[in-house]
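Undergrad: Got a structure here, written out as structure tokens. Questions coming.
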Amino acid sequence: MTRPTKIHPERGDARTRLLEAARDVIRQKGFAATSVDDLCQSAGVTKGAFFHHFKTKEALGVAVADHWAETTSALFAEAPYHEPDDPLDRVLAYLEFRRSIISGETFEYTCLVGTMTQEVHESAPAIRDACAKSIFGHAASLQADIEAAKAQRGIDADWTAKSLARHTQAVLQGGFILAKAAGNPDLARESVDHLICYVRQLFGLETVSSAPAEREN
């Protein structure tokens, strides 16, 4: 199973090629630093084709956030972490899966919508809202398993499945920032390791035998 990233977009229709180019180029350069010319060159299309499909660069930003949500939803829907019968095992398997796909070049494992949100949360509210829909939508996909695990184990606490699901995304996004700052994916993996320990503690499980920093990467 591959992640939704390709250095060279597939030869499809011009709109799809532009979205796939934007997905990768924006993660490499940032939204502001990515020009329409950059996108057209990467996608192998003309500027006329770009403006036929997207009236503005901001419109492209909204569309690529939606495209990211669709493609990543398909990736996670097919991922093996759904297989365990125990809902808590599924939650922990999800976190292990997220750890396992932190590899390759920085742009290949970091989050497009997280990257754009940091840049445009004030300057481009339409893009911000599309990114928020993607981030919170993915968090919501974890809620049912967390709620079921909480009920199954009789956990009586003031935290909710919704808040824990959001927290998983906060840790992942923060880990990506640390990895970018240091140029080191191990820092993102380390963040996930600590998150796994935290979730296990919330559900009364023993933590893993080795400290997060000592796990093999």
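Coordinate-derived values only; no laboratory data. Because the structure is predicted, anything quoted here is derived from the model rather than measured. Here the Cβ is made from the backbone with ideal geometry for all residues, glycine too, and neighbour counts use every protein chain on show.
Undergrad: To test your reading of the geometry: what angle, between 0 and 90 degrees and rounded to tens, separates the Cα axis of helix 57-77 from the longest principal axis of the chain?
TA: 40 degrees
Undergrad: How much length is gained if the chain between K133 and A182 is pulled fully straight, taking 0.36 nm per residue apart and subtracting their Cα-Cα distance, in nm to one decimal? Can you show the working numbers first?
TA: Working: separation 49, 0.36 × 49 = 17.64 nm, distance 2.85 nm.
Once the chain is fully extended between K133 and A182, it gains 14.8 nm.
Undergrad: Looking only at G44, G175, G104, which one moves most when the chain is put into a Gaussian network model with springs between Cα atoms under 10 Å?
TA: Evaluated over the chain, the most mobile residue of the options is G104.
Undergrad: In addition: Highest mean first, how do 84-91, 13-20 rank when packing is the count of other Cβ atoms within 10 Å averaged over residues?
TA: Most protected by this proxy first, the peptides run 13-20, 84-91.
Undergrad: For a quick check, take a GNM of the chain with Cα springs below 10 Å and name the residue from R189, R153, R27 with the largest mean-square fluctuation.
TA: In the Gaussian network model the winner is R153.
Undergrad: Between (1) 54, 41, 26; (2) 50, 33, 29; (3) 59, 33, 31, which entry matches Cα extents along the principal axes in Å as derived from the coordinates of this structure?
TA: (3)
Undergrad: Name the residue from A161, S100, A130 whose Cα lies farthest towards the positive end of the charge dipole of the chain, charges +1 on Cβ of Lys and Arg and -1 on Cβ of Asp and Glu.
TA: Result: A130.
Undergrad: Still on this model: Of W68, W159, how do they rank once you tally other Cβ atoms within 10 Å and put the fewest first?
TA: W159, W68
Undergrad: Let me ask another. Give the Debye-formula value of log10 I(q)/I(0) at each listed q (0.16 Å⁻¹), with one equal scatterer per alpha carbon of region 97-167, two decimals each.
TA: Log-scaled intensity ratios, in q order: -0.73.
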